[in-house]
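> Take this structure, written in structure tokens, and hold onto it; I'll ask about it next.
The values are calculated or read from the model by the stated rules, or taken from the named source; none is laboratory data. Being a predicted model, the structure only gives us computed values, none of them experimental. Quick reminder, even Gly has a Cβ in these numbers, built from the backbone with ideal geometry, and neighbours come from all protein chains shown.
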Amino acid sequence: PSPKSSQPNGTSKEALRCEIEELRRKDLALDQEIAQLLSEGYSLKELDKHISLLHEYNEIKDAGQMLLGKLAVIRGVTTKQLYPEYDLELSD
């Protein structure tokens, strides 16, 4: 078989190399961002806590969106129509 056919989904080695290089660039950018935050006085522990709280917030928000969606279906309205009733902003 050709080298191309042995790659997942027919992906070429060159495409995989490009993807690896892009991931390396992202890794470097994240390392630089972390270094910048540390230089501004943030600690890794503080950053980890912040990330954990963001995950928790997103899980709660997702659950709320799911409940609003179910309520909208029951009432036969759109989720958007429920926002004013619960004093929610569309950007929430």
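> Please determine whether any residue of region 38-52 is modelled with pLDDT under 95 and among the aromatic types (Phe, Trp, Tyr).
Looking through region 38-52, at least one residue is modelled with pLDDT under 95 and among the aromatic types (Phe, Trp, Tyr).
> Separate question: Determine which single condition Ser2 fails, assuming it passes every other condition in (1) loosely packed, with under 10 Cβ neighbours inside 10 Å; (2) at pLDDT 90 or above.
Going through (1) loosely packed, with under 10 Cβ neighbours inside 10 Å; (2) at pLDDT 90 or above one by one, Ser2 breaks only (2).
> Let me ask something else about it. Condition check: within 27 Å of Glu33 (Cβ to Cβ) and either at pLDDT below 90 or more than 17 Å from the chain's Cα centre (by Cα) (or both). Does Lys61 satisfy that?
Values: within 27 Å of Glu33 (Cβ to Cβ): yes; either at pLDDT below 90 or more than 17 Å from the chain's Cα centre (by Cα) (or both): no.
Criteria not met by Lys61.
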